[in-house]
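Worksheet: the structure to be examined is printed underneath.
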Amino acid sequence: MPTSMLKRLIPVLGLTALCWLVFLINHALLSDHLIQYGIRPRHVTGLPGIIWAPFLHGSFQHLIANTLPLLVFGSILCIRSRIEFVGVTTAGIVLSGGLIWLLGRGAYHIGASGLIFCYFGYLASLAFFERKPGNLFLSIVCITVYGGILRGIIPTSAAVSWEGHLLGLLSGIGLAWFTAHVRKADDKPSIATMRTGPRLVKEGAVSADK
């Protein structure tokens, strides 16, 4: 892999490594004590979990299941733009986590899957809001290859935070809409006006000819 490409992937590699580091410390040294710092909906003590939840995993299998899609979607965002990756990641964690805190079931919600669904929702819907050939290709690939993860928004098990998946997905779609509108606003040419004739005088000012 070229060095320049590897440098672009540093943010997502760092994020994934942090998930593994937290899991190893929590599982090996703290007897899973950190699980209580997940999102606990509608409890003030659960608010910090909005930030910590994506880095907490209940088991090795849980972490393994999240690692590959986190790397895949995160790498796509990093290749597009590291600034875009940081923006979507930060906003996705806060927005999806905040919605889980407001609307989720009364349990501890942990894991990076909410963020993964946010990435998927963002990349899969971007072409709808920002109609460019590259975005269309990217959205089609994401839906074709990873569309199966949408089964995760269906309630199938009390142990799975399906609402976290759903709210993460909706957060990603919302961020795609917001990003596209911001870019459209930035792309609009500024309007310059030319005035000819007598100098305009503001109301209330006095102009005297000498």
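Any read-out appearing in this document is the output of simple, stated calculations on the displayed coordinates, not a laboratory observation. Owing to the predicted nature of the structure, the values given are computational and were not obtained by experimental measurement. As a convention, Cβ positions derive from the backbone with ideal geometry for all residues, glycine included, and neighbour counts pool all protein chains shown.
What the table shows:
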| read-out | value |
| --- | --- |
| Residues within segment 142-171 that are of a type in the set (Lys, Arg) and in contact (Cβ under 8 Å) with a residue 12 or more places away in the chain, tallied | 0 |
| Meets criteria (more than 13 Å from the chain's Cα centre (by Cα), under 23 Å from residue 155 (Cα atoms) and not in a helix (DSSP H, G or I)) for residue 65 | no |
| Residue 23 vs. criteria crowded, with 16+ Cβ neighbours inside 10 Å, within 18 Å of the chain's Cα centre (by Cα), assigned to a helix (DSSP H, G or I) and not hydroxyl-bearing (Ser, Thr, Tyr) | no |
| Selection count, segment 92-104, where residues are touching a residue at least 60 places away in the same chain (Cβ under 8 Å) and under 11 Å from the mean Cα position of the chain (by Cα) | 3 |
| Filter result for the condition that a residue is touching a Pro at 6+ places or on another chain (Cβ under 8 Å) and of a type outside the set (A, V, I, L, M), over 111, 98 | 111 |
| Any pair with Cβ under 8 angstrom, 6 or more apart, that starts in segment 105-128 at a residue that is more than 22 Å from residue 56 (Cβ to Cβ) and free of Cβ contacts under 8 Å to residues at least 12 places away in the same chain and ends at one that is outside any helix (DSSP H, G or I) and among the acidic types (Asp, Glu) | none |
| Qualifying residues in segment 40-79 (those that are β-branched (Val, Ile, Thr) and in contact with a Ser or Thr (Cβ under 9 Å, 6 or more places away or on another chain)) - the one farthest from residue 163 (Cα to Cα) | 67 |
